[in-house]
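Report on the structure given below.
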Amino acid sequence: MPDRHLAKRGLTIGYVSDRTGLPQSAIRYYEDEGLVAPDRNESGHRRYARADIRRLSFVMISQGLGFSIAEIREALSALPEHRTPNKSDWARISRRFGAVLDARIAQMQLLRARLDGCIGCGCLSLKTCALYNRRDRVARKGAGPRYLMGDPVELD
Ligand code: FES
């Protein structure tokens, strides 16, 4: 990307868009949602800090992983507002997000392991349901695909 996109007082939205791969409309949306707060130059144009590229990248990846805007905003609230976030600032977010990510990884592994077998949902549509959820007894545990929700399989 040519340096002409690098304004003297910060990065233009075009440069940030090119660098992150996010459409400018998405960057403006994230601003509306309070996830990034660019300065404005005297002409009223947005000017971004280089650290905003990392911030927006975090938002993009987190959304792709299924985190809501509110969850991402909550996580980003741990970053300082008036200085460039450093490694320990990001480590704080990593600790907060880490537990949630670990739980999601465990759930995805469970999904992968069980997707072609009985998931305890009450449909009784697979041959294996007769073994793993005989007469839909898992319904006693509550609604939903109980075996994907972490309930142990109880065989006779
Ligand atoms: S897959 Fe639905 S109850 Fe077995």
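Some observations on this one:
- Alpha-carbon gyration tensor eigenvalues x 5, square-rooted, for the chain, Å: 47, 16, 12
- Protein accessible area in the chain, 1.4 Å probe - carbon and sulfur %: 53 percent
- Contact order, relative form, for segment 100-156: 35 percent (alpha carbon pairs under 8 Å, 6 or more residues apart, mean separation divided by residue count).
- For segment 61-66, 3J(HN,Hα) computed residue by residue from phi via the Karplus equation (6.51, -1.76, 1.60; θ = phi - 60°) reads 5, 5, 5, x, 8, x Hz, glycine and proline entered as x.
- Note, ³J(HN,Hα) from phi for segment 94-100, Karplus 6.51, -1.76, 1.60, rounded to Hz, x at Gly and Pro: 4, 5, 5, 6, x, 5, 5
- Surface calculation, 1.4 Å probe, protein heavy atoms: Asp102 sits at approximately 100 Å² accessible.
- Of Val36, Val138, Val16, the one that fluctuates the most in a GNM where the chain has Cα springs shorter than 10 Å: Val138
- Cβ-Cβ distance of Ala37 and Arg104, R₀ of 25 Å, FRET efficiency by 1/(1 + (r/R0)^6): the value works out to about 0.35.
- Residues whose placed amide H lies under 5 Å from that of Arg47, excluding near-sequence neighbours: Asp39, Arg40, Asn41
- Cα centroid separation, segment 7-49 to segment 94-152 (Å): 42 Å
- Residue-averaged 222 nm ellipticity for the chain, from DSSP H runs of 4+ at -39500 (n - 2.57), nearest 500: -14000 deg cm²/dmol
- Heavy-atom accessible area order for Ser77, Ser17, largest first, 1.4 Å probe: Ser77, Ser17
- Only protein heavy atoms count here; on that basis, with a 1.4 Å probe, Asp39 has an accessible area of about 110 Å².
The values are calculated or read from the model by the stated rules, or taken from the named source; none is laboratory data. What you are looking at is a predicted structure, and each value in this text was computed from that prediction instead of being measured. Methodologically, a virtual Cβ is constructed for each residue, glycine included, from the backbone with ideal geometry; neighbour enumeration extends over all protein chains shown. Calculation scope for accessible area: heavy atoms of the full protein, side chains included, ligands and nucleic acids excluded. Shrake-Rupley method; radii C 1.70, N 1.55, O 1.52, S 1.80 Å.
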